[in-house]
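The values are calculated or read from the model by the stated rules, or taken from the named source; none is laboratory data. Keep in mind it's a predicted model, so treat the numbers as computed, not measured. Please note: Cβ atoms are built from the backbone with ideal geometry, for glycine as well, and neighbour counts cover all protein chains shown. Note: accessible area is taken over every heavy atom of the protein model, side chains too, but ligands, DNA and RNA are not part of it. Shrake-Rupley method; radii C 1.70, N 1.55, O 1.52, S 1.80 Å.
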Amino acid sequence: MIGIIDSGVGGLSVLREIRAQIPDQAIIYIGDNAWCPYGNKSYDEIRERTFALTDFLIDRGAEIIVVACNSATIVAIGALRAHYPLPFIGMEPGVKPAAALTRTGTIGILATEASLAGEKFHHLVAKHARDLHVITRPCPRFVELVEAGILSGQNVEAAIDEYTSDMITADADVIILGCSHYPFLRPALENRLPDQVRFVDTGAAIARRVKQHLLTTPPHSSTEIFTTGPSQNFSRLVELLTPSLKATCSHLPLP
Ligand code: DGL
């Protein structure tokens, strides 16, 4: 069984890739909506939450945990791997693929405040984008919009303009969607920004890595979704964001 965690609905952008590539494994997903967003939380809080979510998933039989949240990966993946004996797959802004794609030598990185401040993030940029002009930008309103199920319209366009105008002016031709919530705004970003801009999102790459792990649980295509927030609202968002997914959705009363 595959366990997936995120602060809210963002990790569903990774879940849909995992389900597309691995149709025959049971998946349990938790959105920690009672604590969403993670992007402005302290590192201690984010670590504590990811441990609580992981404990629940292990109790339910997860054999591998996908941290479908860049912020939680950057802040907590080392501690998770040190503490638990099972494999963890994390997600980080796709700086390496972006560096390979750019022709202008300028890339934009959209991510949360927590991710952009992380040491792991600075290493990633130093390793793969040392010679590039890198413009970073936290986008808290993107998370709020996706969590509200608003994926297009005036407010989305205003947020896109606010977060990307510096990048476009500086001739960035690749923009990294460095938070699992942002791929849900990709159609709006593609409509709003010049055609030459390409977007990097690592969801499909994460799914390929999950697929390399052999799991021992018998084949089962069930998808169970939990939220630490209200489940009715979450169910509505699951339907909106991942319409083809057949999943049950329940409230998880985690302290
Ligand atoms: N989806 C998350 C990420 O990939 C966190 C968004 C948030 O809760 O601030 O970073």
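Looking only at residues of the stretch 187-205 that are under 19 Å from GLY8 (Cβ atoms) and within 14 Å of the ligand (Cβ to nearest atom), we find that the one that is surrounded by the fewest Cβ atoms within 10 Å (Cβ to Cβ) is GLY203.
The residues of the stretch 1-60 that are touching a helix residue (DSSP H, G or I) at 6+ places or on another chain (Cβ under 6 Å), away from the ligand (no atom under 15 Å from the Cβ) and polar (S, T, N, Q) amount to a single one, GLN21. Scan the stretch 39-80 for residues that are under 13 Å from ILE5 (Cα atoms), outside any helix (DSSP H, G or I) and under 18 Å from the mean Cα position of the chain (by Cα) and the total you get is 6. Within the stretch 116-175, being touching a residue at least 60 places away in the same chain (Cβ under 8 Å) and open to solvent by 60 Å² or more (accessible area, probe 1.4 Å) holds for PRO140, GLU144, ASP171. Summed over the stretch 21-42, residues that are open to solvent by 30 Å² or more (accessible area, probe 1.4 Å) and touching a residue at least 40 places away in the same chain (Cβ under 8 Å) total 10.
Let's see how each residue does on (1) of a type outside the set (A, V, I, L, M, F, W, C); (2) surrounded by fewer than 19 Cβ atoms within 10 Å (Cβ to Cβ); (3) closer than 16 Å to ALA205 by Cα:
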position	(1), (2), (3)
ARG19	yes, no, yes
ASP44	yes, yes, no
GLY61	yes, yes, no
VAL66	no, no, yes
CYS69	no, no, yes
GLY78	yes, yes, no
LEU86	no, yes, no
